[in-house]
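The values are calculated or read from the model by the stated rules, or taken from the named source; none is laboratory data. Since the structure is predicted, the reported quantities are computational estimates derived from the model, not experimental observations. Note that we place each Cβ from the backbone using ideal geometry, even for glycine, and neighbour counts take in every protein chain shown. Ligands, DNA and RNA are excluded from the accessible area calculation, which covers all protein heavy atoms including side chains. Shrake-Rupley method; radii C 1.70, N 1.55, O 1.52, S 1.80 Å.
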Amino acid sequence: MILVISGPPGSGKTTVAEAFAHAHSCELISAGAIFRKEAADRGMTLERFGAYAEAHKEVDRKLDAAVAADVERRAAKRQNVVVDGRLQPWLLARRGIPCFKVLIDAPLEVRSARVAGREAKLVSDVRQEILERERSERTRYLKVYGIEVQDASGFDLVIDSSNRTPEAIVALIGERVASWAR
């Protein structure tokens, strides 16, 4: 089983992906963690690295190809995998990899407050950072892959995380994945 969890910054996708992987003994592949590590290795903030990636298409292609190859390797071994990443639902589908696709979302103000809380920043500053990151991602993903990340039509499950705990979301996904896998 391959479960792919996507969502904008602060939606809870990484928290849920980690919790689901732990609760269901799945391998976790995080595209976001790979992107953050690459930014850190280059001595760049996420915002600056995002801007760099806008001008250098090979950055996204290399990182996304590495994620897809890792998923394919694990799927060939029949491992259960949870993939955390913004683009992976579209990219894995393009490769013909069967997966259950979940979009987790919440209003911008909720997401901004979450990120501000975990990073000890002002909500207003985080809101601007999120808006810039989303603009950069929309631009890059459309230019590099022709993917509109705001299109939720290809998802098997869309969840508003505003008033749900990560545990409740994990339970909901577990129920839906179980019926999908039959």
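Within straight-line reach of K77, meaning a Cα separation under 28 Å, sit the following lysines at least 8 residues removed in sequence or on another chain: K13, K37, K62, K101. Which one, P98, V144, L108, projects farthest toward the positive side of the charge dipole computed for the stretch 39-174 from Cβ point charges (K/R +1, D/E -1)? Towards the positive end, the residue furthest out is P98. Here the convex hull built on the C-alpha positions of the chain has a volume of 115 cubic angstrom per residue. Given their separation in residues at 0.36 nm each and the Cα-Cα distance between them, K57 and M44 gain 3.0 nm when the chain is fully extended. Remark: the chain carries a charge dipole of roughly 420 debye about the Cα centre, counting +1 on each Lys and Arg Cβ and -1 on each Asp and Glu Cβ. The helix-only estimate of mean residue ellipticity at 222 nm for the chain, built from DSSP H runs of length n ≥ 4 each weighted as -39500 (n - 2.57), is -19500 deg cm²/dmol after division by the residue total. Taking all protein chains as they are arranged and a probe of 1.4 Å, the heavy atoms of W180 leave approximately 100 Å² accessible to solvent.
The stretch 85-152 and the stretch 48-70 have Cα centres lying 15 Å from one another.
When its C-alpha radius of gyration is set against 2.2 N^0.38 Å (N residues), the stretch 1-75 gives a value of 1.19. Note on the chain: with neighbouring protein chains present and a 1.4 Å probe, carbon and sulfur make up 52 percent of its accessible heavy-atom surface. About its Cα centre, the dipole of the stretch 1-104 is roughly 260 debye, where the only charges are +1 on Lys and Arg Cβ and -1 on Asp and Glu Cβ. The length gained on full extension between A23 and A93, counted as 0.36 nm times the residue separation minus their Cα-Cα distance, comes to 22.7 nm. Each principal axis of the Cα cloud of the stretch 113-174 was evaluated for its coordinate range; sorted largest first, these ranges are 36, 34, 12 Å.
A simple spin-label model places the labels of K121 and R36 1.2 nm from each other, with each point 7 Å out along Cα-to-Cβ.
Dividing the mean sequence gap of close Cα pairs (under 8 Å, 6+ apart) by how many residues the chain holds gives a relative contact order of 35 percent. Protein heavy-atom accessible surface, 1.4 Å probe, per residue over the chain: 51 Å².
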